[in-house]
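First the structure, in the form of structure tokens, and then the observations on it.
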Amino acid sequence: MSDKLPHENHELHKKWRQGDFALASGPFLFADLPDESGDLMAAVFDDPDPAGLVVISQTCDVVSTTDKLPTVVVCPLVAVKPEHLDMIARGRSARFGFIEQAPEGLVADFGRLMSISKALLSNWKRFEGFIDETGLINFARGLERAYGRFAFPDAFNESIRPLEDVIKSKFWKDGSPLGKALRSLAELRVRPSTAWASSPIGITFFLIFDAAEKRVAEPEAIHAEFESALKGLPWIAPFFLADPGIRIGSYDDFSARDYIESVPLDLNALSFAARNTQKA
């Protein structure tokens with residue numbers, strides 16, 4: 001396929017943005033093991049075709065000229081069951097993302113990617129994915145979550161598993177003080193006292209508040225509920241709870257160093273779920 005756009009369409013790719021989509025746009029292509037032809041790999045098509053394809057390249061890459069970047073990356077729009085939609089809204093399936101303007105029941109499948117030429121993109125009928133900037137920001141964060149999650153050591157994961165379980169059970173319960181505390185956070189992050197491969201490693205939890213008007217719990221209650229949730233965790237060497245083990249505040253209360261030396265702890269997709277406006 002030529003990287004040059006048809007003359008009459010040579011600027012149309014510049015109308016597209018991250019999160020925009022096309023419906024009935026054709027097959028999804030991927031590589032698989034070859035047949036007996038001697039080829040190194042075989043081209044395989046989804047059967048049936050996906051409902052559509054979503055642009056996930058950053059907008060600056062999409063609108064750039066074809067001599068700089070002739071392709072964009074897309075992923076399929078797929079249908080999921082209503083109960084799965086609820087799981088996605090609650091952040092329990094990082095593989096999928098919501099498209100605000102997509103037909104009901106269709107979501108972006110971040111687990112499968114395909115590159116296409118901008119010439120092909122320019123010949124598709126464009127549907128705007130988002131009319132609300134917040135939705136687009138959440139979509140981009142969903143991509144970050146899908147491909148940028150930190151791989152915590154197994155011993156750390158085992159140490160905080162009870163915390164993960166209680167967050168899953170309490171997060172959306174309106175009558176739960178812990179649930180209210182968690183829903184009042186913009187982010188939950190952890191900072192190790194030294195490199196993750198070192199020993200011993202003290203863990204400090206950063207509880208970063210959401211904007212005051214979005215909170216459903218006061219700072220003191222948030223601290224107290226989370227402190228209670230941390231009690232009794234079965235810390236496995238080399239990990240232990242630092243002293244102090246919890247720091248709370250708004251983004252203004254944490255330094256840039258605090259932020260870059262900490263890692264988001266997305267238990268039950270905490271920050272993702274709190275931002276997501278499509279909760280059932």
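Per residue and in Å³, how big is the convex hull formed by the alpha-carbon atoms of the stretch 168-246? Kindly include the intermediate steps, with their values, before the conclusion.
Details: hull volume 7.9 nm³, N = 79.
Residue-normalised Cα hull volume stands at 100 Å³.
Which shape class applies to the stretch 1-157: rounded if a/c is under 1.5, otherwise prolate when a/b exceeds b/c and oblate if not, where a ≥ b ≥ c are the square roots of the Cα gyration tensor eigenvalues?
Oblate is the answer for the stretch 1-157, as a/c is 1.5 or above yet b/c matches or exceeds a/b.
What number, rounded to the nearest 500 deg cm²/dmol, is the helix-based mean residue ellipticity at 222 nm of the chain, given -39500 (n - 2.57) per DSSP H run of at least four residues and division by all its residues?
It lands at -7500 deg cm²/dmol.
For a 30 Å ceiling on Cα separation, which of these pairs sit above it: Lys68/Lys125; Lys81/Lys168; Lys15/Lys180?
With Cα atoms farther than 30 Å apart: Lys15/Lys180.
Starting from the stretch 102-198, pick out the GluC sites (Glu not before Pro) whose DSSP state is loop and whose Cβ has at most 11 other Cβ atoms within 10 Å.
Values: sites: Glu104, Glu128, Glu133, Glu144, Glu158, Glu164, Glu187; in loops: Glu104, Glu128.
Within the stretch 102-198, the qualifying GluC sites (Glu not before Pro) (loop, at most 11 other Cβ atoms within 10 Å) are Glu104.
What number results when the radius of gyration of the chain, computed over Cα atoms, is divided by 2.2 N^0.38 Å? Mind dumping the intermediate values first?
Values: Rg = 22.1 Å, N = 280, 2.2 N^0.38 = 18.7 Å.
Here the Cα radius of gyration is 1.18 times the empirical estimate.
How far apart, in nanometres, would the label points at Gln58 and Ala151 be if each is projected 7 angstrom from Cα along the Cα-to-Cβ direction?
Taking the simple label geometry, Gln58 and Ala151 are separated by 2.4 nm.
Laboratory data are not the source of any read-out in this text; all were calculated from the coordinates shown. Keep in mind it's a predicted model, so treat the numbers as computed, not measured. Cβ sites come from the backbone with ideal geometry, for glycine too, and all protein chains shown count toward neighbours.
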